[in-house]
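Asks: Here's a structure for you.
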Amino acid sequence: MQSKVSSIQKPATPSLKGFEWRNYIVYFAFVGVLIYFSISLSDEGFLTSENLLNIVRQTATISLMALAMTFVISTGEIDLSVGSIAALSSLVGALAIQAGYGIIGGLIGGVGTGLVVGLINGLLVTKVAIPSFLVTLGTMGAIKGAAMWVTDTAPVPIVDAKFNFIFGSGDIGPIPVLLIWTLVFTVIAHILLRKTSFGRQVLATGGNENAARFSGVKTMKIKLMVFLATGLMAGLAGLLYAGRMNAGRFSFGEGDELSVIAAVILGGTSLFGGVGTIIGTIVGSLMIGTINNGLIIMGLDVSQQMIIKGVIIILAVAFGKKALKR
């Protein structure tokens with residue numbers, strides 16, 4: 001079984017004959033962005049340790065959702081509902097804590113909300129055979145409406161200092177807790193994708209679903225599992241939003257799906273499935289966060305940032321498509 005899955009995966013992996021610069025474009029681009037902002041914003045404190053740590057804090061939620069999105073996109077699917085899931089999860093977690101269920105209750109409420117939505121998305125894609133783009137576009141709107149309705153758009157404050165420390169606002173020495181969350185799940189995701197049969201089956205499913213199915217891979221089960229993963233990680237991201245901002249809000253995660261997808265495909269994961277990279281995703285996420293941070297310091301507003309993200313996605317897909325053709 002394992003040898004068959006491996007044989008399916010290999011054709012979908014970009015050729016590495018010698019040094020192929022397209023496979024490392026995100027790393028070159030990230031260094032270029034750092035150099036550009038370091039020079040142009042040298043008088044604005046861009047390179048200070050505090051600002052660099054702020055970039056890590058601001059991108060932690062995007063990074064966690066992007067890790068799970070890497071698996072979804074590697075199977076040839078997509079999930080547009082992650083930002084809305086994060087918002088609803090932040091509210092459910094905050095309400096659980098407010099009701100006296102403590103940190104564990106908040107964790108179960110927030111992550112459980114994400115898992116339920118992920119299960120719904122996965123079942124609609126695998127059992128009802130609705131394209132994931134349409135499914136998650138629909139659930140994105142429905143969940144957003146639910147997040148606005150559940151508290152009538154009012155924020156839910158979190159006064160539990162321990163929760164806020166663990167899930168976002170805390171620092172262990174000079175290290176932000178959010179950085180620790182990111183590192184832990186990056187290691188887990190990398191091992192899952194590169195060192196386990198599950199990861200090989202994910203790539204095989206995205207590379208050639210029919211061939212993977214004939215070789216014994218339960219492709220529908222794999223797709224269901226990756227949607228559960230995005231739901232779980234979006235739920236956790238919602239709790240991290242809540243912990244960092246000391247409240248649950250319906251507006252958390254708004255527009256995050258664009259940043260998450262940009263980070264994944266910019267990092268080297270093919271939008272067409274079959275090729276995925278966790279390290280590239282994290283670098284892509286940090287690059288998006290660095291660009292956002294630099295543009296804010298330069299005085300650009302959110303609309304201009306969204307334009308630049310859109311351009312980045314187009315360029316990333318274009319380079320990725322050329323790399324696969326080679």
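Asks: Compute the relative contact order of region 90-247 as a whole-number percentage, counting only Cα pairs closer than 8 Å that sit 6 or more residues apart in sequence.
Replies: The normalised contact order for region 90-247 reaches 42 percent.
Asks: Then there's this: Please give the net charge around residue 125, taking every other residue with its beta carbon less than 10 angstrom from that of residue 125, where Lys and Arg add +1 and Asp and Glu add -1.
Replies: Neighbourhood net charge equals 0.
Asks: Same structure again: Using only the Cα atoms of the chain, what semi-axes does the equivalent ellipsoid have when each is the square root of 5 times a gyration tensor eigenvalue? Give whole Å, largest first.
Replies: Over the Cα atoms of the chain, the ellipsoid semi-axes are 30, 26, 17 Å.
Asks: What size of dipole, in debye to the nearest 20, comes out for the chain about its Cα centre when the only charges are +1 on Lys and Arg C-beta atoms and -1 on Asp and Glu C-beta atoms?
Replies: Taking the Cα centre of the chain as origin, the dipole is about 1560 debye.
Asks: Among 91, 69, 140, whose Cα projects farthest towards the positive end of the dipole of the chain, with charges put on the beta-carbon of Lys, Arg (+1) and Asp, Glu (-1)?
Replies: Positive-most Cα among the choices belongs to 69.
Asks: Restrict the search to region 40-108; then list the GluC sites (Glu not before Pro) that DSSP places in a loop and that have at most 16 other Cβ atoms within 10 Å of their Cβ.
Replies: In loop regions of region 40-108 (DSSP not H, G, I, E or B), the sparsely surrounded GluC sites (Glu not before Pro) are 44.
Asks: Pick from 87, 161, 146: which is most flexible by mean-square fluctuation in a GNM of the chain where alpha carbon atoms under 10 Å apart are linked?
Replies: 161
Asks: What does the accessible area of residue 221 come to, in Å² to the nearest 10, when a probe of 1.4 Å is used?
Replies: For residue 221, solvent-accessible area is about 120 Å².
Asks: So if we plug the beta-carbon distance of residue 129 and residue 33 into 1/(1 + (r/R0)^6) with R0 = 30 Å, what FRET efficiency do we get, rounded to 0.05?
Replies: Calculated value: 0.15.
Asks: Which distance in Å, rounded to a whole number, links the C-alpha centroids of region 101-127 and region 226-293?
Replies: Answer, in whole Å: 17.
Asks: Leaving out same-chain residues fewer than 8 places away, which aspartates and glutamates sit with a Cα under 12 Å from that of residue 218?
Replies: In chain and number order, the partners are 209.
Asks: Considering only protein heavy atoms, what is the solvent-accessible area of residue 244 at a probe of 1.4 Å, reported in Å² to the nearest 10?
Replies: Taking all protein chains as shown, residue 244 has close to 70 Å².
Asks: Mind checking the per residue accessible area of the chain for me, 1.4 Å probe, whole number of Å²?
Replies: Accessible surface, normalised per residue, equals 45 Å².
Asks: Over the chain, what percent of the accessible surface lies on carbon and sulfur atoms, probe 1.4 Å?
Replies: Here it works out to 68 percent.
Asks: If you don't mind, another one. As I understand it, the dipole of region 233-324 uses +1 on the Cβ of Lys and Arg and -1 on the Cβ of Asp and Glu, about the Cα centre. Which of 250, 288, 269 lies farthest toward its positive end?
Replies: Final value for the positive-end residue is 269.
The values are calculated or read from the model by the stated rules, or taken from the named source; none is laboratory data. None of the values given here were measured: they were computed from a predicted structure. All Cβ positions, even for glycine, are placed from backbone atoms using ideal geometry, and neighbour counts span all protein chains on display. Side chains included, ligands, DNA and RNA excluded: accessible areas come from the protein's heavy atoms. Shrake-Rupley method; radii C 1.70, N 1.55, O 1.52, S 1.80 Å.
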